[in-house]
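*Asks:* So that we are looking at the same thing, I have put the structure below in structure tokens.
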Amino acid sequence: MSSKSNGNRAADSHEQEHGFGTAPVFLAAINTILGAILFLRFGYAVGHAGLWGSLAIIGLGHLVTIPTALAVAEIATNRRVAGGGAYYIVSRSFGTSIGGAIGIALYLSEAISVAFYIVAFSEAFQPLYSWLETTHQLEIDSRYISIPCILLLLVLMLTKGADLGVGVLWAVSMILGLSIITFLFGKTTIDPDATNALTPIENPDAFGIIFATCFPAFTGMTAGLGLSGDLKNPQRSIPLGTIVATVTGMIVYILVAIKLDRSAIPTDLAEDNFIMTKIALWGPAIYIGLGAASLSSAIGSIMVAPRTLQALARDKVMPFPPLNRLMAKGTGKRKEPVNATCLSGAIALVFVAIGELDLIAQILTMFFIVTYGALCLVSFLEHFAGSPSYRPTFHSRWYVSLLGAVMCGFMMIQISVLYASIAIFLMGSIYLGLRRTHKEQRGLAAIFQGTMFQLTRWLHITSQKSRANLSEAGWRPSIVAVNRFGERRLGHFDLLRFLCHRHGFGQFIQLFQGEYSFLSEIEARISVEELVQQTEVSGAGVFVDSLISPTFQGALTQVLQMPGISGLANNCILLEFDEAEPEEISEIELGARLTVESLFNLLILRSTKYRFGYHSSIHIWVTEENLANTPMMLLLAYIIVGHPQWKRAKIQLFACTSATDTEREAEDELATLIKEGRLPISAQNVTSISYEDAEDLEQEVIYRSAQADLIILGLTQEDLRSDKLRDILLRYEGVNDVLFVHSTEEISID
């Protein structure tokens, strides 16, 4: 185990739990859900969106929060849970980089929440403001209440700690419950027949604005997570308390929406923030409920935010080491986060000074949604990654997490494309910054790697079951190249990366001749690492591996039996020899015959020091005997010029016939093939050649293609079976790199 991990555990152990049960998690969440928005802004939502619109807001909000609650509940049961709330839960399952990016956004959400609830609390004194204005002509700014309140709250938290917060939860819950009951059983101020659930006010606010204003109500489901370090059994209490509070809150909001619609006209709902006081059995109960719920939510947030910040600092997530040390400190036996509480209070004071509830609500919404979207996305990816280390005792479903992530993205765009882009950019920047300082920690790459492993496995199985239908998608190369010369010769590595840049897939196998041993295996792995670096430098989309075998023939036999790893069976073998090393041809002859007998397409590269030169010209030579190879030769040339290094290359085609009267016929046939196959070869680049014998053809190739960067020639079945293959491979002296092609498949390019 790393020293960093030990340090994290040591830090975790500093936080002494209070031994709370499930009730505080439920109470913290439900008191926050049924808080400021319910009493102050939900009438506005029903008035501007109508009953069905407000129900849609409730539904959409819970399509975000319920998947997030299930994802958090699942993640919380994967590892031992200590202080730090959602940040601790995520970071211990997915690493500091992912947890830190989510944790910083979540912390800011929680700190701003303190301001939001204190501003809402000051609104509960509206009757006092009206009385002072009427009797004493005093206009009271709500900040005269909210700023002293937040300062008093900070003093109480710094002196009393978490015990005060949990004690208050019980009292507030009873007040809140009575307030809601007095409203639900309240009087109807108008004739019920006058209400119209389908008709909001004229010129209502945009749906995205209404949703952004109301969404903070649904975010209360995470309030109980901040008590993770103070719970006796967090793996049980967090899932149970969070889910029950979320469902209970949804039911209450639906009942309140229906009651509002049946009890007041849309204009009154939209304009009067305290319309609920006129409906309730006893109006002051709404003010009391608002004040109690807002104060409770503020207490919950000021309890949670510093603990999140303290956990972030202990893991050295903050950008400045002195800040990490300062915020990580705790006071007393329970390591209360005094410094973190002061900083959280300062952030809250800034937003309290703004004093505009709707503006704070919309900022808060964006922070929460981007956090919830990240949680759902990580949960979804982890489902597919199937890591054995991810073993939660509570299980959500992958499609639920995916729904939550999609809904978060959708609602962010609906609210504001600009703010959504800024929020995503900031979270992405935080993640990338943390990856630079926490490289040893697990990141998104590990999750994506696991996800891709599962996807590849599924593709393999699926493609095997439906292999008969693969040809319907058109032919594409799946090539295995065999090399035994290491980095001394990488001509065919270059060719492989050209062919597999976009349209194909390639495996580059480094052969080590000799008997297998542990030492040879280590050497092979080191060589593969060097090849991996080569792929990174060259940008090659090629899979590299090694093979240990006593003989080249034995190695090739194993290669021919290798499965494809791209969901497509291997169909081509690429062999290579150096023009200056003719003694290598004996192996090539053997390998070529073995390849064709196994019904693989054969590619033989005769490489030179030229290494494809300027990547500007490819010459294809087609003879009457090689017409069967022509479609594959044309496709390979087309695929090569699709590589960025060959983007300015021209393909020159030479149609060779041994009889003059059929010369034009062959040229027309090739022109038709090119046109129907939509290949990027101009008719001006098709040249007819008449030759008498093989020597005459060889001279034409040498004369016309001496400057070509790559020449493509065909091999017939007879060439491979005869003892003349060696002579054929050594022909055309003086030209640059030559690719010999033999197609065993019938390939169509139209």
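*Asks:* Mind giving me the nanometre distance, one decimal, between the label points for Ser598 and Leu132, set 7 Å out from Cα along Cα→Cβ?
*Replies:* Label at Ser598, label at Leu132, 8.9 nm between them.
*Asks:* What does the net charge come to around Gly289 if you take all other residues with beta carbon closer than 15 Å to its beta carbon, with K and R at +1 and D and E at -1?
*Replies:* Residues close to Gly289 contribute a combined charge of +2.
*Asks:* On full extension of the chain, what length is gained from Glu530 through Ser616, given 0.36 nm per residue of separation minus the C-alpha to C-alpha distance?
*Replies:* Between Glu530 and Ser616, full extension yields an extra 28.1 nm.
*Asks:* A further question on this structure: If R₀ is 51 angstrom, what is the calculated FRET efficiency for the pair Trp282 and Leu432, using the beta carbon separation as r and rounding to 0.05?
*Replies:* Working: r = 55 Å, r/R0 = 1.08.
FRET efficiency, Trp282 to Leu432: 0.40.
*Asks:* Any chance you could look up the accessible area of Arg41 with a 1.4 Å probe, heavy atoms only, rounded to 10 Å²?
*Replies:* Answer for Arg41: close to 20 Å² accessible.
*Asks:* Something else about it: Leaving ligands, DNA and RNA out of it, rank Ile413, Ile258, Ile30, Ile104 by accessible area with a 1.4 Å probe, largest first.
*Replies:* Ranking Ile413, Ile258, Ile30, Ile104 by accessible area, largest first, yields Ile413, Ile258, Ile104, Ile30.
*Asks:* Would you please give the residues with an amide H less than 5 Å from that of Ser546, counting only those at least 5 places away or on a separate chain, with H modeled from the backbone geometry?
*Replies:* Counting only residues 5 or more places away or on other chains, the set is Gln510.
*Asks:* Using θ = phi - 60° and the Karplus form 6.51 cos²θ - 1.76 cosθ + 1.60, what ³J(HN,Hα) does each residue of segment 48-54 get, whole Hz, x for Gly and Pro?
*Replies:* Result, rounded to whole Hz: 8, 10, x, 4, 5, x, 5.
*Asks:* Now a separate question. Report the accessible area of Ser421, computed with a 1.4 Å probe over the heavy atoms of all protein chains in place, in Å² rounded to the nearest 10.
*Replies:* 70
*Asks:* Express in whole angstrom the spacing between the alpha-carbon centres of segment 554-630 and segment 20-74.
*Replies:* Taking the Cα centre of each part, segment 554-630 and segment 20-74 sit 65 Å apart.
*Asks:* Based on the alpha-carbon gyration tensor of segment 294-336 and its eigenvalue square roots a ≥ b ≥ c, which shape applies: rounded if a/c is under 1.5, prolate if not and a/b is larger than b/c, or oblate?
*Replies:* Because a/c hits 1.5 or more and a/b fails to exceed b/c, segment 294-336 counts as oblate.
*Asks:* A further question on this structure: May I ask you to evaluate 6.51 cos²θ - 1.76 cosθ + 1.60, the Karplus curve with θ = phi - 60°, for each residue of segment 141-154 and list the ³J(HN,Hα) values in order in whole Hz, giving x for glycine and proline?
*Replies:* Karplus-based 3J(HN,Hα) across segment 141-154 equals 7, 4, 5, 5, 9, 5, 5, x, 5, 5, 5, 5, 4, 4 Hz.
*Asks:* Quick query: amide H of Thr77 versus all other amide H atoms, modeled in the peptide plane; which residues come in under 5 Å with a sequence gap of 5 or more or a different chain?
*Replies:* Thr393, Phe394
*Asks:* Then there's this: Under 19 Å from a label point 7 Å along Cα→Cβ of Thr188: give me every residue in segment 247-267 with its amide N that close.
*Replies:* 254-267
*Asks:* Pop out the ³J(HN,Hα) list for segment 245-255 in order, Karplus 6.51 cos²θ - 1.76 cosθ + 1.60 with θ = phi - 60°, rounded to Hz; leave Gly and Pro as x.
*Replies:* Per-residue couplings from phi come out as 5, 5, 5, 4, x, 4, 4, 4, 5, 4, 5 Hz.
*Asks:* For Gln652, which sequence-distant residues (separation of 5 or more, or a different chain) have an amide H within less than 5 Å of its own amide H, given hydrogens modelled in the peptide plane?
*Replies:* Close amide H contacts, sequence-distant or interchain: Ile618, His619, Ile620.
*Asks:* Between Cys342 and Met174, what length in nm is gained on full extension when 0.36 nm per residue of separation is reduced by their alpha carbon distance?
*Replies:* Net length gain for the segment: 57.5 nm.
*Asks:* Note the full-extension length gain between Gln707 and Ala353 as 0.36 nm times their separation in residues minus their Cα-Cα distance, in nm to one decimal.
*Replies:* Fully extending the segment from Gln707 to Ala353 adds 119.8 nm.
*Asks:* Now for a separate question. Report relative contact order for segment 200-338 in percent, whole number only (criteria: Cα-Cα under 8 Å, sequence separation at least 6).
*Replies:* Answer for segment 200-338 is 18 percent.
*Asks:* Report the local net charge at Thr213: Lys and Arg +1, Asp and Glu -1, summed over other residues whose C-beta lies under 11 Å from its C-beta.
*Replies:* Value of the local net charge: -1.
*Asks:* Now for a separate question. Just to confirm the filter: which GluC sites (Glu not before Pro) across segment 503-570 are DSSP coil and have at most 16 other Cβ within 10 angstrom of their Cβ?
*Replies:* Sparse-neighbourhood loop GluC sites (Glu not before Pro): Glu515.
*Asks:* So, one more: Would you tell me the accessible area of Tyr610, worked out with a 1.4 angstrom probe on the heavy atoms of the protein chains, in Å² to the nearest 10?
*Replies:* Number for this one is 80 Å².
The values are calculated or read from the model by the stated rules, or taken from the named source; none is laboratory data. Remember, it's a predicted structure, so these values are computed and weren't measured experimentally. Methodologically, a virtual Cβ is constructed for each residue, glycine included, from the backbone with ideal geometry; neighbour enumeration extends over all protein chains shown. Surface areas here come from the heavy atoms of the whole protein model, side chains and all, with no ligands, DNA or RNA. Shrake-Rupley method; radii C 1.70, N 1.55, O 1.52, S 1.80 Å.
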